[in-house]
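Quick one: structure below, then a few questions.
The values are calculated or read from the model by the stated rules, or taken from the named source; none is laboratory data. Keep in mind that what you see is a predicted model, and the values were worked out from it rather than measured. Every residue, glycine among them, receives a Cβ derived from its backbone with ideal geometry; neighbour counts consider all protein chains shown. With ligands, DNA and RNA removed, areas are computed over all heavy atoms of the protein, side chains included. Shrake-Rupley method; radii C 1.70, N 1.55, O 1.52, S 1.80 Å.
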Amino acid sequence: MSQKNRIAGGQIDRDTPLNFTFDGKSYEGHAGDTLASALLANGVRLMGRSFKYHRPRGPLTAGSEEPNALVQLRSGARQEPNTRATTTELFGGLTATSQNKLGSLSFDLLAVNDRFSNFLTAGFYYKTFMWPAAFWEKVYEPIIRRAAGLGSLSLEDDPDVYDKGFLHCDLLIIGAGPSGLMAALTAARSGADVILADEDFRMGGRLNSETYEIDAASGADWARKTVAELANMPNVRLLPRTTVIGAFDHGIYGAVERVSDHVATPASGKPRQILWRIYSQKTVLAAGAIERPIAFDNNDRPGIMTASALRSYANRFGVAVDKRTVIFTNNDDGHRSAADLHAKGVRVIVIDTRMDARKSPDYEVLVGAQVINTLGRLGLTFVTVRLADGSERTIECGALGMAGGWNPNVHLTCHQRGRPTWNNALAAFVPGALPVGMLVAGAANGDLSTAGALAGGAAAARKALGLRGRLPALPLAEDAPIKVTPFWYVEGASRAWLDQQNDVTVKDVKLSYQEGFKSVEHLKRYTTLGMATDQGKTSNVGGLAIMAELAGKDIPEVGTTIFRPPYTPVAIGAFGGRHRGQEFHPKRLTPSHGWAEEQGAVFVEVGNWMRAQWFPKPGETSWRESVDREVLATRGSVGVCDVTTLGKVDVQGQDAATFLNMIYCNGFAKLPVGKSRYGLMLREDGIAMDDGTAARLAEDHFVVTTTTANAVSVYRHMEFVRQCLAPDLDVQLISTTESWAQYAVAGPKARRVLEKIVDQDISNDAFPFMACANITVCGGLRARLFRISFSGELAFEIAVPTAYGDALIRRIMTAGEEFDITPYGTEALGVMRIEKGHATGNELNGTTTAANLGMGRMVSTKKDSIGAILSRRSGLNTADDLRAVGIKPINHDDTVPAGSHLMNTGAPVDAAHDQGYVTSACYSPNLGHHIALAFLKDGENRIGDTMRLVSPLTGVDVEVEICSAHFIDPEGERLRA
Amino acid sequence: MIIDHPLLGPRDSAEFTYMGDARLIERPSPDAEDAAAAFYEYAYLRDNPAGLHRELWFHEAGDRSWLVVTRNTVTHEIAKVELATDVARAKGRST
Amino acid sequence: MHDLMLAPALGCAPQTIGTVTITENTGVALASVAARHGKSASCERVLKSVLGAVPDIGKAVLRDPEAGFWMGPDQWMIGAPMETHETLADHLKTKFGADASITEQSGGWVIFDVVGEKMPDMCEILCNVPIRKMDAGDVQRTLIHQLGCFVIRRTNADHIRILGPRSSAQSLHHVLTTAAMAVA
């Protein structure tokens, strides 16, 4: 039989054998096994190599606190490093490989590190790789990086999907052991909405690993029956395979449900994991306790684990790690492990540090004795024991259980700054100040008996929900104290492992203390004690105890490191959820998107919008060719561009004009109905915030546009002004960006095109520059028309309800056919606005004032508006202020890139002599050379000057001429045509 | 965090946009003699208390109300939530 | 009469994934009503005449042909059959007169009806609404994968209606279908 250590009993499904491989070798386990229990059943104790010294290691525990048995699970893109074999649910076809080895697991070439352990003590890296400095990047770091870390990444895309979700409940119960189950039962029977989450795939907690009886049945049976009862209640949601990773503010908990980790690959469309955000009114933490090891020399050999782990493997998984087992204990619970193993036919010897330890008729007990060393290259073979009389005895064994007492699992109680408090009777930390709404029950609260756990769970649920009335009878269960006498490490021990994940020994802690790293936080960082995936769940308290002894203090005086979320490691994918690749954020498509795709448009992301950047024609080989054509065609005849993305806000009410007067620095009160006006918004500090137009459609109705990028923040600002600064103006705001499809039709033939679409007279007299109106198009469709121009050409913007946007763009194209109407994208739009000297986000960049933009006179002094007062401060109005200017290269072949700086000819090129900078640049097909917009000190008085434009970083150094920012049609004749 | 919206009840703070000190409601009078100094204080100077803090939250993904939330910056305990319009009116911003 | 064709936000056929059917609802015209300052009472009277009742905070009045729900303080959305979209805003303007500001919204939204047994499970991985505690007529504005949406519980059984921004109809539909697959 291959599973040579498999024994009778347990909660595995012996009718369901599962095949799996470890380091390429095939094994058989059963449904209900973990990878660790299945390997142990097959006699495999060696599962990995340690982090620093590459010492052979096997599992220390049977749970999520595991520091040692970390494997690489699966292969290919699904390969996951540092997976705990002790929590990995076995499935058919599972493949795992060991980590952190050079060569094979049994012959690791880097095990040589162990020989040099005298040099590789705590702080070794800090001390050694200091000099020569140049060696760090080229020599030390690459070597360290290759040697460090445990598993490796697949470097392929994760093929699985992850979801995020939201759950709500009256009571969240964390942990489904005896206290959690009893709390759930109590709460559920009262009718409350209950969520019960447990990280294990089988609910029941320690009950699954114990032989205790509850109501004359086995604890595991009681757990199974209770879970079945809960599962049938509509107000209960059971979340097995779900780790609550963090306790956040106001009753919000984070939890990771491993939906598909127990199958080879997730079913189609199913997530691998779900990251839940759980909103709970109240929470009962019933997270149990973790048994701690004892430090003695060579206490890390495969086969050495916590006594409770040996008990779990025997009782729950039907695995005797070895038929000859030693238990090393400082408390009565160690004897419980011994009795359970003895009952399973294991020969047990108990080494008890206490002089008053009880004897047993079933197994030998060595009273007042200590394990002082062990032997066995790849797994435990012998232990050396120092007896009470000082003599030594060697015992042959393949498993050693350490029972150093239990640490209540206080992790989540600390996520809101709570610090645990020390309990002398338990020699352990118990919960201190709790997060609001949390109660703690059972072993997590220091109640280490089953009867105590049941009573505590019931009481916590009653208290949480405010239940009154008679306490229902509790199931009958064992109730016995564990009588612990603190014992942390064997006197004189040196290479005695405290933190097996980080290879931190008792000696390292002492060294840290000697070298002055005495605070707990310093100890952690100097030795790495308590770092990495297990976060010191089995090691922190031991380290503290040694520090306390060295300092001659009590453990609580030394302190405790702070527990932070997550409780156990979480895949990055779970935090990302569905938001990756093309789904990183939602896309917004313009009404003409489908049509633009048909035209072969190239799209660019602008915020979430996908906008047509240019429309390449067959034969065009570069983007510039397309853009130049679009610009020339628009200025020469007519072009059309989708401008739906501009933010639109409906401003209505009797006081709408008053409101606009407040948010814009220029005046709107006297704007007549049927007219639009350019508006500049300032921040309260006097800096320009956004610009756009406001069109007055009626006495009490304006349509305001914002820039695409600022649509959301400007709307928020407008609501701030409306609700917080002017709460009793009659103004109503609605964002209508999505409701209207809007197109700019620009160029000398624009009117000729639109005349064929619009149902009314749009001649220059009837519909002059800056006119606006509610109109109809195509024989009756309601629409809005604005005579505004961003390109500097005769232009209109026409808007129809979004659902007609597609139809309208096609109609415009048909109507414009005879004028060779050209669709243009954001690049051509950008070129034309630079040629015209119009500002955008590059110029309204969060540092510029109206004066900088050449619009200083727009800031009305006749009224109050946001930012008006501070825009007048002297600091923003100095003699050599920046002014917007145009830039032309003297040599027409030169480019004038954005980001370059202006310098006086002959002056040094440095920050002290900086004169200004280029904000926007492009090639102007109309002028035949590059042009740019810039901010220049005292710019308005330097038109015609020759300056140097430099960008030392990109090697730009060209001569330029300062000119007006209005390169095209400076008098504005075209747009008024 | 959970913000107990005066109209909608408890809502996750993720639905809100934060804007800091609620003193922004108390915009100085532009006509006052010391308007420049008052606006300088208004725009730039903020207390940074370790304890109760009145602050503005915008229910961006909800009903678009601005709220004044009184929150303990140390414990995140929320003592009070008001509609900003009510606060603004109480501060005499109706005119 | 104009001859322009109305385009649906997405134009996709109903899709059944597991027990859940996702249908783009192109039959609803929308306009919002915002009470003028100091006109809440008279505005609500008109609202009652239009809908039969004033939707309470966080509630909808589900009624044919015109339904409505609360959007924010003194602000409601009115839904009506799509055939009326040409005139809905004007019709409401006439009714409300100087009591309210009316804004046409038909083009602003894509509407999906999600119906089926696993609808609540699907909701849980889409957005933060306490779906199992919502009754027919409960409305919540929330974020669905970063998109501001209204979630309206239409029936206690298994039907919700989701109003999302029209420009993101494709993205919203994608997350609805992937969520339906995840709970199927």
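Please give the helix A:805-815 orientation as an angle from the longest Cα principal axis of chain A, in degrees from 0 to 90, rounded to the nearest 10.
Compared with the principal axis, the helix lies near 30 degrees.
For the pair C and A, how large is the buried accessible area, both sides, in square angstrom to the nearest 100, if the probe is 1.4 Å? Numbers along the way, then the final one.
On the way: alone 9280 and 40480 Å², together 45660 Å².
By this definition, chains C and A bury close to 4100 Å².
Per-residue Cβ counts within 10 Å, from other chains only, averaged over C:100-111: what number is that? All intermediate terms of the calculation are to be shown ahead of the outcome.
Details: counts 2, 12, 5, 9, 7, 8, 4, 13, 10, 3, 2, 0.
The mean count of partner-chain Cβ atoms within 10 Å per residue comes to 6.
Hey, with R₀ at 51 Å, roughly what FRET efficiency would residue B:36 and residue B:79 work out to, going by the Cβ-Cβ distance, to 0.05? Provide the component values of the computation, followed by the final result.
Values: r = 35 Å, r/R0 = 0.68.
Calculated transfer efficiency: 0.90.
Still on this structure: In chain C, what percent of the accessible surface is made up of carbon and sulfur (1.4 Å probe, ligands and nucleic acids excluded)?
53 percent
Something else: Can you pull the accessible area of residue A:664 for me, 1.4 Å probe, Å² to the nearest 10?
Approximately 0 Å² of residue A:664 is accessible to the 1.4 Å probe.
Tell me the label-point distance for the pair residue B:26, residue A:476, using the 7 Å Cα-to-Cβ offset, in nm and rounded to one decimal.
Once both label points are built, they end up 7.0 nm from each other.
Given axes a ≥ b ≥ c from the Cα gyration tensor, I'd like to know whether chain A is rounded (a/c under 1.5), prolate (a/b larger than b/c) or oblate. The partial results should precede the final answer.
Values: a/c = 2.65, a/b = 2.18, b/c = 1.21.
Prolate shape, in that a/c is at least 1.5 and a/b is the bigger ratio.
Let me ask something else. Need one value: the accessible area of residue A:720 in square angstrom, 1.4 angstrom probe, rounded to the nearest 10.
Taking all protein chains as shown, residue A:720 has close to 20 Å².
Another question about this same structure. With everything on Cα atoms, drop me the angle between helix A:450-465 and the longest principal axis of chain A, reported from 0 to 90° to the nearest 10.
Long axis of A:450-465 versus the principal axis of chain A: about 30 degrees.
Using alpha carbons only, how many degrees (0 to 90, rounded to 10) separate the axis of helix A:332-343 from the longest principal axis of chain A?
For A:332-343 against chain A, the angle is about 70 degrees.
Full extension from residue A:632 to residue A:156: what is 0.36 nm times the residue separation minus their Cα-Cα distance, to one decimal in nm?
166.7 nm
Now for a separate question. Any idea of the accessible area per residue across chain C, 1.4 Å probe, to the nearest Å²?
Numbers: 6810 Å² over 184 residues.
On a per-residue basis, chain C sits at 37 Å².
Would you kindly state how much longer the chain becomes between residue A:102 and residue A:605 on full extension, computed as 0.36 nm times their sequence separation minus their alpha carbon distance, in nm to one decimal? Walk me through the intermediate numbers first.
Details: separation 503, 0.36 × 503 = 181.08 nm, distance 4.69 nm.
Gain on stretching residue A:102 to residue A:605: 176.4 nm.
Continuing with the same structure: Can you compute the modelled spin-label distance between residue A:215 and residue A:388, with each label point 7 Å from Cα toward Cβ, in nm?
4.4 nm
Also, quick follow-up: Relative to a virtual label point 7 Å from the Cα of residue C:42 in the Cα→beta-carbon direction, which members of region C:84-100 show backbone nitrogen distances below 16 Å?
Answer for this model: C:93-100.
Can you compute the modelled spin-label distance between residue A:765 and residue C:15, with each label point 7 Å from Cα toward Cβ, in nm?
5.7 nm
Now a separate question. With solvent modelled as a 1.4 Å probe, how much accessible area in total do chains B and C shield from it at their shared surface, in Å² to the nearest 100?
Values: alone 6200 and 9280 Å², together 14620 Å².
Buried surface at the B/C interface: approximately 900 Å².
Rounded to the nearest 500, what is the 222 nm mean residue ellipticity of chain A from helices alone, with -39500 (n - 2.57) per DSSP H run of 4+ residues and division by all residues? Walk me through the numbers before you get to the answer.
On the way: 22 runs with 193 residues, N = 977.
So the helix-based figure for chain A works out to -5500 deg cm²/dmol.
Shifting gears a bit: Which lysines does residue C:133 reach when only Cα atoms under 27 Å apart count, and residues fewer than 8 places away in its own chain are ignored?
Here the lysines satisfying the reach criterion relative to residue C:133 are A:164, A:270, A:282, A:463, B:80, C:48, C:59, C:118.
Taking all protein chains as present, what is the carbon and sulfur share of the accessible area of region B:2-90, in % to the nearest whole number, probe 1.4 Å? Mind showing how you got there, number by number?
Working: 2100 of 4130 Å².
Using a 1.4 Å probe with all protein chains present, region B:2-90 comes out at 51 percent carbon and sulfur.
What does the net charge come to around residue A:568 if you take all other residues with beta carbon closer than 14 Å to its beta carbon, with K and R at +1 and D and E at -1?
On the way: positive: A:84, A:241, A:258, A:537, A:564; negative: A:65, A:66, A:80, A:198, A:199, A:200, A:257, A:261, A:534.
Spelling it out: positives minus negatives among the neighbours equals -4.
Continuing with the same structure: Relative to the Cα centre, what is the charge dipole magnitude of chain C, using +1 at the beta carbon of each Lys and Arg, -1 at the beta carbon of each Asp and Glu, and rounding to the nearest 20 debye? Mind showing how you got there, number by number?
Values: 16 positive and 19 negative charges, 96 e Å.
Computed charge dipole of chain C: roughly 460 debye.
Probe of 1.4 angstrom, ligands and nucleic acids ignored: what's the accessible area per residue over chain A, in square angstrom?
Numbers: 37140 Å² over 977 residues.
Here the per-residue accessible area is 38 Å².
Counting only heavy atoms of the protein chains, get the accessible area per residue of chain B (1.4 Å probe) and round it to a whole Å² value. Numbers along the way, then the final one.
Details: 4580 Å² over 95 residues.
Normalised by residue count, the accessible surface of chain B is 48 Å².
Additional query: What residues in region A:796-812 lose 30 Å² or more of accessible surface when the other protein chains are added to their chain alone (1.4 Å probe)?
The answer is A:802, A:803, A:804, A:807, A:811.
Ignoring ligands, DNA and RNA, how much accessible area is buried between chains B and A, both sides summed, with a 1.4 Å probe, to the nearest 100 Å²?
Numbers: alone 6200 and 40480 Å², together 44140 Å².
Using a 1.4 Å probe on protein heavy atoms, the buried area is about 2500 Å².
Output the residues of region A:235-273 meeting this criterion: accessible area (heavy atoms, 1.4 Å probe) in the chain alone minus accessible area with all protein chains in place is 50 Å² or greater.
Residues losing area: A:249, A:250, A:270.
Within 10 Å of each Cβ in A:164-171, how many Cβ atoms from other chains are there, averaged over the peptide? Display every interim value, and only then the final one.
Working: counts 5, 11, 11, 5, 7, 2, 0, 0.
Whole-number average of other-chain Cβ neighbours for A:164-171 is 5.
Also, I was wondering about something else. Taking all protein chains in place and a 1.4 Å probe, what share, in percent, of the accessible surface of region A:861-977 do carbon and sulfur account for? If you can, show how the numbers build up before the last one.
Numbers: 2760 of 5610 Å².
C and S fraction of accessible area: 49 percent.
Under a cut-off of 25 Å between alpha-carbon atoms, report the lysines in cross-link reach of residue A:323, not counting same-chain residues fewer than 8 places apart.
Straight-line reach from residue A:323, under 25 Å: A:4, A:25, A:344, A:359.
Something else: What FRET efficiency comes out for the pair residue C:84/residue C:157, r = Cβ-Cβ distance, R0 = 41 Å, nearest 0.05? Don't jump to the answer; show the numbers that get you there.
On the way: r = 28 Å, r/R0 = 0.69.
It comes to 0.90.
Per-residue ellipticity at 222 nm for chain C, helices alone: DSSP H runs ≥ 4 residues times -39500 (n - 2.57), over residue total, nearest 500 deg cm²/dmol?
Working: 4 runs with 42 residues, N = 184.
Rounded to the nearest 500, the figure is -7000 deg cm²/dmol.
Just to verify a number: FRET efficiency for residue A:817 and residue A:584, C-beta to C-beta distance, R0 = 35 Å, to 0.05? Display every interim value, and only then the final one.
Details: r = 39 Å, r/R0 = 1.12.
So the FRET efficiency works out to roughly 0.35.
Using a 1.4 Å probe on the heavy atoms of the protein chains only, list every residue of region A:720-763 that has 40 Å² or more less accessible area in the complete assembly than in its chain alone.
Relative to the lone chain, where solvent access is computed with a 1.4 Å probe, region A:720-763 loses at least 40 Å² at A:720, A:723, A:724, A:725, A:727, A:728, A:730, A:732, A:734, A:738, A:739.
Still on this structure, I have one more. Tally Lys/Arg at +1 and Asp/Glu at -1 over every other residue whose Cβ is under 13 Å from the Cβ of residue A:892; what's the total? Don't skip to the end; give the middle numbers.
Details: positive: A:888; negative: A:893, A:894, A:959, A:961.
That works out to -3.
Which parts of region B:72-90 would a label at residue A:249 reach, counting a residue when its backbone N lies under 17 Å from a point 7 Å out along Cα-to-Cβ?
Taking a point 7 Å out along Cα→Cβ of residue A:249, the residues of region B:72-90 whose backbone N falls under 17 Å are B:72-82.
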